[in-house]
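Structure record follows, encoded as structure tokens.
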Amino acid sequence: MLAERTQIIAFFALIFGVYGMMIPFEHTADAYGYAAAMGRGELWSPHHLLYQPWTLALSQLWLWTGVEPIFLYSLMNSLAMVLSLLVVYVLLPQRIDRRWWIVVVAFCFATLRFGTENETYAWPLFFSLWGTERLMNGKGFLAAFLLAVAVLFHQIHLFWCLALCVYAWRTGRWQFKWFYLGLLVSAALVVYVYSELAVRQGYSLWMYATHDAQEGLVDFRWGPKAIALSLINLVRSFVQVHASTLALFDTPWVLVFVLAGLLMGSGLLVGIKPRALQKAMWNRPFVWVLMFQFAFAVFSQGNAEFMVMIPVLLVLEWAQQYRRQTHWPIVALGLGLALWNGATLLASKKLQASTFVVDRMSDLRQINAQMESKPFVYVARDKVLLDNYMDYKKISIPNLEIWKAPGYGAQRDEANKALLEIHRNIPIFIDAKQVVGRQTRADWLGADGYNNWISDWAWDPIPIAGLKGWWVLRREP
């Protein structure tokens with residue numbers, strides 16, 4: 001028994017070490033924003049209330065290492081994801097080789113990405129999984145409390161709670177009475193916490209709890225584009241399919257991707273055995289959670305962040321249905337995912353002499369030097385990323401004003417009106433005269449709007465040596 005436990009600890013410690021190696025050089029806009037807020041001592045964000053104070057508190061234990069704070073914040077998310085995998089290990093049926101199923105979950109792209117980034121999704125996933133595990137073992141009151149903690153870490157986990165309510169109601173078992181009672185007590189606790197913070201911030205309870213939606217930071221629209229993005233990001237939850245990945249096909253890394261594709265293909269082909277849907281599956285909690293979470297992901301424009309739960313939930317359900325006598329397909333699938341997604345992240349780190357945001361800062365400093373302390377405007381497709389990076393790094397370019405580009409957060413008419421008012425006196429710069437292709441979710445949603453706006457104006461190549469791809473608004477009317 002001791003030897004088995006030692007092996008399990010070593011197994012999860014190895015995954016934690018691999019995650020630490022995968023922490024990126026360049027982070028997301030949100031990651032920089034959270035890091036900047038924590039650096040200023042801003043602890044509370046309504047959409048994910050506990051994430052910043054919890055992460056900041058944990059990272060204090062490691063400040064003596066001198067490691068950059070955002071790396072520590074990301075490492076704490078690696079810990080959360082490994083703890084989530086540990087709960088998945090407990091939930092998986094014992095008749096299978098659970099460690100290889102954990103490899104499958106651990107190296108799905110969504111799990112790998114959000115387990116190595118300063119984002120807000122790993123810790124609530126851990127508490128929701130733990131709460132579900134407790135519920136399935138008859139600890140309803142504790143389960144409700146853990147689920148409430150998950151909601152305080154990120155509001156999206158309210159839908160996990162609702163799904164478990166449907167599951168508990170459908171089973172009709174009286175032992176869930178403690179779960180219902182716990183939900184009432186936990187809901188009261190959540191409301192109390194939000195009420196106290198709302199008063200301190202000068203908001204009403206409703207306005208504070210729905211702050212991000214009220215400020216337009218959460219986009220809820222239904223339509224064909226939302227469905228298409230959801231299906232794309234559903235696939236990308238398992239394997240990274242991106243322009244940066246395709247670019248690696250012209251390098252020796254292509255051999256890794258070919259091998260990974262063969263392993264994943266053979267594993268799925270043999271491992272998935274078609275079965276008719278069983279009535280019993282509707283009496284399992286993960287089916288309901290999966291449906292609720294995916295429906296909300298579609299409703300929120302196919303948000304990739306909300307897909308982080310999909311691999312975990314699908315694997316938990318698939319493991320219950322797995323009836324193959326041979327187990328090598330799961331081994332092949334796990335190795336294939338590890339190779340494909342691991343190569344994607346490692347290659348991007350190895351090939352990055354500098355990151356996009358660092359290059360942009362360098363270009364803007366060069367433009368600023370040429371402007372000789374005169375003000376200028378940069379219309380950016382990634383204003384939030386640049387603002388948050390500058391905030392985190394405490395970079396100041398006093399003469400620079402960054403605007404959101406039409407299609408990427410700004411309206412075309414409003415941008416044109418603003419340009420008409422100032423462009424005769426202040427230079428206006430852009431770094432792309434046309435967005436070609438759809439490399440990101442933002443491009444899918446905004447590229448057409450940006451290209452249409454560009455066509456409203458005349459642009460000249462920037463007259464600064466060494467800067468390529470930059471354009472300036474022509475001064476003539």
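The values are calculated or read from the model by the stated rules, or taken from the named source; none is laboratory data. Note that the coordinates shown come from a computational prediction; the quantities given were computed from them, not determined experimentally. All Cβ positions, even for glycine, are placed from backbone atoms using ideal geometry, and neighbour counts span all protein chains on display. Each accessible area value is taken on the protein alone, full model and side chains, heavy atoms only, with ligands, DNA and RNA left out. Shrake-Rupley method; radii C 1.70, N 1.55, O 1.52, S 1.80 Å.
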| field | Karplus-derived 3J(HN,Hα), 6.51/-1.76/1.60, for each residue of region 34-43, Hz, glycine and proline x | value | 5, 5, 5, 5, 5, x, 8, x, 7, 9
| said: Probe of 1.4 angstrom, ligands and nucleic acids ignored: what's the accessible area per residue over the chain, in square angstrom? | reply: 48 Å²
| said: How large a share of the accessible area of the chain, in percent, is made up of carbon and sulfur atoms when the probe is 1.4 Å and the other protein chains stay in place? | reply: 63 percent
| remark: D (µm²/s, integer) via Stokes-Einstein for region 303-402, Kirkwood Rh across alpha-carbon pairs, 10 °C, 1.306 mPa s: value 88 µm²/s
| task | Indicate the gyration tensor shape class of region 30-187 (rounded, prolate or oblate), computed on the Cα atoms with a ≥ b ≥ c the square roots of the eigenvalues: a/c under 1.5 is rounded; otherwise a/b larger than b/c is prolate and the rest oblate. | result | oblate
| Heavy-atom accessible area of PHE257 with all protein chains present, probe 1.4 Å, nearest 10 Å²? | 10 Å²
| field | Span per principal axis, largest first, for the Cα atoms of the chain (Å) | value | 75, 58, 50
| task | Report the accessible area of PHE71, computed with a 1.4 Å probe over the heavy atoms of all protein chains in place, in Å² rounded to the nearest 10. | result | 70 Å²
| Normalised convex hull volume, region 1-61, alpha-carbon set, Å³ per residue | 125 Å³
| Shape category assigned to region 27-81 from the gyration tensor of Cα positions, a/c cut at 1.5 | rounded
| request: Could you tell me what percent of the DSSP beta bridges with both partners in the chain are antiparallel, to the nearest 5? | output: 35 percent
| Simple label model, 7 Å out from Cα along Cβ direction - ASP460 to ASP250, nm | 3.2 nm
| field | DSSP loop GluC sites (Glu not before Pro) with at most 13 other Cβ within 10 Å excluded, longest remaining stretch of the chain | value | 43-214
| Using helices alone, what [θ] at 222 nm do you get for the chain, with -39,500 (n - 2.57) per DSSP H run of 4 or more residues, divided over all residues and rounded to the nearest 500? | -20000 deg cm²/dmol
